[in-house]
1. Report the dimensions of the stretch 39-145 along its three principal axes from the alpha-carbon atoms, largest first, rounded to Å.
2. Counting only helical runs of four or more DSSP H residues, what would the 222 nm mean residue ellipticity of the chain come to if each run contributes -39,500 (n - 2.57) and the total is spread over all its residues?
3. Please give the charge dipole size of the chain, origin at the Cα centre, charges +1 on K and R Cβ atoms and -1 on D and E Cβ atoms. Round to the nearest 20 debye.
4. Through the Karplus equation 6.51 cos²θ - 1.76 cosθ + 1.60, θ set to phi - 60°, convert the phi angles of the stretch 19-30 into ³J(HN,Hα) values in whole Hz; use x for Gly and Pro.
5. Whose amide H sits under 5 Å from the amide H of residue 150, counting only residues 5 or more places off or on another chain, with H placed in the peptide plane?
6. Among (i) 61, 40, 26; (ii) 52, 43, 22; (iii) 80, 42, 31, find the value of Cα extents along the principal axes in Å that was calculated from the structure presented, and write down its label.
7. Would you mind computing Rg(Cα) / (2.2 N^0.38 Å) for the stretch 116-187, counting N as its residues?
8. Over 17 Å apart: what share of the alpha carbon pairs of the stretch 139-179 falls there, rounded to a whole percent?
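None of the figures in this text is laboratory data; all of them are computed from the coordinates on show. Small disclaimer: the values here were computed from a predicted structure and weren't measured. Cβ placement follows ideal geometry from the backbone for every residue including glycine, while neighbour counts extend to all protein chains displayed.
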Amino acid sequence: MADASNNDDTLNGEAALARPYARAIFELARAAGDYRSWAESLALLAVVVSDDAMRNLLDNPRLTRNDAAQLVIRVCAEDIGEAEKNLVVMLAENDRLAQLPMIAALYNDFRDEAEGLVEAEVISAQPLSEAQKSAIAEVLKQRLGRDIQLNCSVNEDLVGGAVIRAGDLVIDGSAVEHLRQLHSALVH
């Protein structure tokens, strides 16, 4: 259990470091009226700095921070603009290039909130029909008061039912959870 707590602490620490950058980028995007371009650029930068080979290069102690920034900029080439290049330089100067995946995730959260969108993850034991997906999205929209984007996946280990996560809301209607509750009730 300590591992999960440490992992949560690590994620919270990463979020705390990344949040000011994500907020500033979001404010730039809002002022420009273009959330999509920044989302795409941040997604690309996050993939680049997360690549194992790139991580090995960026973690080399002989590589200066400026060299690290220029390496990322060269890899992204024409796919990023001047503002994104300036961001890479600033992140490198502050030794925060590794924060790009978290910055991208937080930026997307800010964007979704501004656009009135909630991303919901639905994990089901069987593939969902379009009617089931629509019904879930409609119920969540009524409950949360925002538009819903469903990301559906299948996990046969659930045996039956589904687990739904939307922001802070978690609904565990899986057969595994029902069996766990039944077991707990019988034991106590």
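1. If we take the Cα atoms of the stretch 39-145, the spans are 55, 30, 23 Å.
2. Result for the chain: -21000 deg cm²/dmol, rounded to the nearest 500.
3. Here the chain has a charge dipole of around 220 debye.
4. With coefficients 6.51, -1.76 and 1.60, one gets 4, x, 5, 4, 5, 5, 5, 4, 5, 4, 5, 5 Hz.
5. Those lying under 5 Å, H to H, from residue 150 are 120.
6. So the structure-derived entry is (i).
7. 1.18
8. That fraction is 35 percent.
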